[in-house]
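So the structure is just underneath, and the comments pick up after that.
The values are calculated or read from the model by the stated rules, or taken from the named source; none is laboratory data. As the structure is a computational prediction, the values presented were derived from the model and not from experiment. In this analysis, Cβ positions are derived from the backbone assuming ideal geometry, glycine residues included, and neighbour counts consider all displayed protein chains.
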Amino acid sequence: MLDSELVPARQSRAGGLRPLMVMLHGLGDSMDGWRWFPEVMNLPWLNYLLVNAPDDYFGGFSWFEINGDVVPGVERSRKLLFGLLDDLRAKGWPVEQITLGGFSQGCLMCVDVGLRYPHRLAGICGISGWICQPEQLLRELSPVARHQRVLMTHGTHDPLIPIEKVRPQIPLLKAAGLQIEWHEFVKEHTVAGEAEISVIRDFVRAGYPDVVGN
């Protein structure tokens, strides 16, 4: 069971709409590191679920072990996140109204999970991360994966996850018929201010066409 906290929308929606963005942090961070995000997104109708990774890591948390083989940790966290999404569905959050987002390790996990999850999401939004075993992922795509909307952003000056590691993965995914929207920013391992937030905001907003005046 993953530790999480709901940040409710400032404006409730009528008609049973429950738009939700689930946000996964990066290595050594926690849900506290993303409490600024709902305010700068400025989508007052959107609920947020901030989630802690399962493993302690120097005062923060980690989704998987970064030294050696990352796959066992990714697979374990994938199961936990599948469970989280299933639990949200059981609690009345329609999965087609859920955007799954993440930064760095959280980016890897949101893409890994979102393209395997058997239900279509409102969107998948990965920031400054990479794809774990892309060829294996393509063999394990869900039946709805090619209908999933995916945004990935990255920094041209990222010293932790060099963009040269990630760039070749994008055409591989696109060639398999996946809907990948790719944006590069002149930034390091961070979020490039309003320039990047505006791209994320527009992508997230487009996933909720039934929210009037979104």
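A few points about this structure:
- Taking the numbered list (1) in contact with a helix residue (DSSP H, G or I) (Cβ under 9 Å, 6 or more places away or on another chain); (2) more than 24 Å from Asp56 (Cβ to Cβ); (3) crowded, with 20+ Cβ neighbours inside 10 Å in turn, Gly129 passes all entries but (2).
- Listed by first and then second residue, the pairs with beta-carbon distance under 6 Å, at least 6 apart or on different chains, first residue in segment 26-48 and within 25 Å of Ser12 (Cα to Cα) and hydroxyl-bearing (Ser, Thr, Tyr), second at pLDDT 95 or above and surrounded by 21 or more Cβ atoms within 10 Å (Cβ to Cβ), are Tyr48/Met21.
- The set of residues in segment 20-43 being assigned to a loop (DSSP other than H, G, I, E, B) and either at pLDDT below 95 or of a type in the set (A, V, I, L, M, F, W, C) (or both) consists of Leu27, Trp36, Leu43.
- Pairs meeting the criteria (first residue in segment 171-186 and loosely packed, with under 15 Cβ neighbours inside 10 Å, second residue of a type in the set (D, E, K, R) and assigned to a helix (DSSP H, G or I), beta carbons under 8 Å, at least 6 apart or on different chains) are Gly177/Arg146.
- Residue within segment 70-83 that is surrounded by fewer than 18 Cβ atoms within 10 Å (Cβ to Cβ) and in a loop (DSSP other than H, G, I, E, B) present: yes
- Of all the listed residues (Leu138, Leu108, Leu121), the sole one being at pLDDT 95 or above and in contact with a strand residue (DSSP E or B) (Cβ under 7 Å, 6 or more places away or on another chain) is Leu121.
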